[in-house]
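The values are calculated or read from the model by the stated rules, or taken from the named source; none is laboratory data. Just so it is clear, the model here is predicted, and its values are computed rather than measured. Note that each Cβ is placed from the backbone with ideal geometry, even for glycine, and that neighbours are counted across all protein chains shown.
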Amino acid sequence: MTTNNGLLLIDKPKGLTSHDVVAGVRKILKEKRVGHAGTLDPMATGLLVVAVGPSTRLLRFAQSETKHYQGVVTLGVRTDSLDADGEVEERREVPLLDVATVNAVALAMTGTQTQVPPMVSALKVNGRRLHALAREGVVVEREPRTITVSAFSLTATPRPDEWSFDVTCSVGTYVRVLLSDLAERLGTLGHLSALRRVASGTHHVKNALTLVDLDAKVQRRESIFQPPMAFVGALEHVRVSDDEERRLRMGQRVTLGASDALEIAAVNDAGALVGVLARRGDAWQPVVVMPVDDAHERE
């Protein structure tokens, strides 16, 4: 029987990498198959969507979700990494700013646009991480990427050089680049000094566990997983019969009702996720099949 299978929401602390969190979950659960959706830098805190067991095959659906962040931007100082972990490169005077002016600029930065990834990032160019090249003083050309900023607003703090921000954006958006660009438009420099991911898609950090909480729940044998179905909430759900479920589990195609979707989630009579199906002409081919004996799906 599969016991480790499903979705975990972890509240990542400052100072740990996302890989560190995954390693911690592996150790607590004694499970090798653990992965995460959406890397957070060590200085960042907040929501990390984690998949365990067979559900790791569903991670791509969480990776494409819209992200919601809150944090602080410090004006007047630019660092080489565009965040507080970097070395100071330049300082510039901060002009007198009011909330209306700052938010007018932020509003103008919403919508679909292109963004050039920073040199200090985990992206690879010719097989090498950009941050490794940056440490060597090498700067390479980066291809702009299309992103969408759905909402972007700021509020003043007691310090004139610090502003709190709230941003909702597409996957792949570098918030520190967005804030650096904002500072430039305000006539100064800036860097990200605090960042917290509060949501990813429909998942919210208020429902997340710390690693300490997770360990305690496991020791008490309490329920910790959301079912695999939690990964595919954005997909159209189609109920399949016992015979269709049997055929899908054998890797066979089935013909279901009409749908305009390219992928759908197949659900059995018990409400459990059978798998994800892809359109193949007039039929549907299973591309991910979940184990039939998953205890969490039967709860």
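Is it the case that some residue within region 169-185 is acidic (Asp, Glu), over 30 Å from Thr3 (Cβ atoms) and surrounded by fewer than 16 Cβ atoms within 10 Å (Cβ to Cβ)? Let's see the steps before the verdict.
First, pick out the residues of region 169-185 that are acidic (Asp, Glu): 181, 184.
Going one step further and asking which of them are over 30 Å from Thr3 (Cβ atoms), we end up with 181, 184.
Narrowing the set further to residues that are surrounded by fewer than 16 Cβ atoms within 10 Å (Cβ to Cβ) leaves 184.
Yes, some residue in region 169-185 is acidic (Asp, Glu), over 30 Å from Thr3 (Cβ atoms) and surrounded by fewer than 16 Cβ atoms within 10 Å (Cβ to Cβ).
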Q.
Which of the numbered conditions does Thr39 fail, given that it passes all the others? Conditions: (1) surrounded by fewer than 18 Cβ atoms within 10 Å (Cβ to Cβ); (2) at pLDDT 95 or above; (3) under 19 Å from Val171 (Cβ atoms); (4) touching a Ser or Thr at 6+ places or on another chain (Cβ under 6 Å).
A. (2)
Q) Restricting region 5-54 to residues that are in contact (Cβ under 8 Å) with a residue 60 or more places away in the chain and among the polar types (S, T, N, Q), which is farthest from Gly71 (Cα to Cα)? A) Asn5
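Filter region 76-116 for residues that are assigned to a strand (DSSP E or B) and touching a residue at least 60 places away in the same chain (Cβ under 8 Å) and give the result.
Start the filter on region 76-116 by keeping residues that are assigned to a strand (DSSP E or B), which leaves 77-79, 83, 88-91, 111-115.
Residues satisfying the conditions are Val77, Arg78, Thr79, Asp83, Glu90, Arg91, Gln115.
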**Q.** strands (runs of 3 or more DSSP E) enclosed by region 192-299 - at least 2 residues per element that are in contact with a strand residue (DSSP E or B) (Cβ under 9 Å, 6 or more places away or on another chain) and buried (at least 19 other Cβ atoms within 10 Å of the Cβ)
**A.** 263-267, 273-280, 283-289
(Q) Out of Ala23, Ala51, I need the residue that is hydrophobic (A, V, I, L, M, F, W, C), exposed (fewer than 15 other Cβ atoms within 10 Å of the Cβ) and either outside the structural domain of His191 (by TED's automatic domain parsing) or assigned to a loop (DSSP other than H, G, I, E, B) (or both). Which one? (A) Ala23
(Q) Within region 117-165, take every residue that is in a strand (DSSP E or B) and of a type in the set (Ser, Thr, Tyr) and give me the one that is modelled with the lowest pLDDT. (A) Thr146
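For Glu87, indicate whether it is among the acidic types (Asp, Glu) and modelled with pLDDT of 95 or more. Full working, then the answer.
Working: among the acidic types (Asp, Glu): yes; modelled with pLDDT of 95 or more: no.
So Glu87 fails the test.
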